[in-house]
Amino acid sequence: MAKLEGTVFREVTFKGCKMLGMPFDRCNNFILSFSFKNCILDFSCFNGLSIKQTLFENCSLKGAFFLEANMEKSVFKHTNLQDTAFEGTQLKGADFRTALHFRIDPDQNDLKNARFSPENLEGLLYKYGLRIG
């Protein structure tokens, strides 16, 4: 229920926060930069934001939205992305090597040079109905 209309976050680090359903997409996008460590951000919205190089470390982003966002070179380190929506999102150079439970359609997002581990490739291939392992 937080109202973030026009809020500016510059070089802010959130640590150990529980922020469910946060409408980050309503923040002022000018020089917006933040990082998250050990946070619960389930159902939060990052739609349309340009937040390159954002760090999500040991976070929960279940059911979050990253539609038409620019997340280039962002890191999802040990972060749960279950039911998180990525569509039309710039994910160039993003790091998903230790991300958990994500499903990202390579046809709907720009994944050039994004990093994945062999163990989590299932999240990219789910739509093909392949059984891996």
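Values in this text are rule-based calculations from the coordinates and carry no lab data. This is a predicted model, so every value here is computed, not measured. Every residue, glycine as well, gets a Cβ built from its backbone with ideal geometry; the counts of neighbours run over all protein chains shown.
Where does the chain land at 222 nm, in deg cm²/dmol rounded to the nearest 500, when only DSSP H runs of n ≥ 4 count, each adding -39500 (n - 2.57), divided by all residues?
Working: 1 runs with 4 residues, N = 133.
Here the helix-only value at 222 nm equals -500 deg cm²/dmol.
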Requested in this report: At q = 0.10, 0.14, 0.20, 0.23 Å⁻¹, work out log10 I(q)/I(0) for the range 12-127 with the Debye formula, treating every Cα as an identical point scatterer and leaving solvent out; two decimals please.
Outcome: -0.24, -0.48, -1.06, -1.48
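Using Cβ counts within 10 Å as a stand-in for footprinting exposure, how do ARG131, ARG26, ARG10 rank, fewest first? Before the final figure, lay out each step's value.
On the way: ARG131 6, ARG26 17, ARG10 10.
Ascending Cβ contact count within 10 Å gives the list ARG131, ARG10, ARG26.
Which FRET efficiency value, to the nearest 0.05, do you get for LYS127 and ASN58 by plugging their Cβ-Cβ distance into 1/(1 + (r/R0)^6) with R0 = 22 Å? Display every interim value, and only then the final one.
Working: r = 28 Å, r/R0 = 1.27.
Taking R0 as 22 Å, the efficiency between LYS127 and ASN58 is 0.20.
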Query raised in the report: GLU68 versus LYS37, label points 7 Å from Cα toward the beta carbon: distance in nm?
Result: 3.4
Query raised in the report: Listed here are the pairs LYS18/LYS62; LYS37/LYS62; LYS37/LYS92; which of them are more than 19 Å apart at the Cα?
Result: LYS37/LYS92
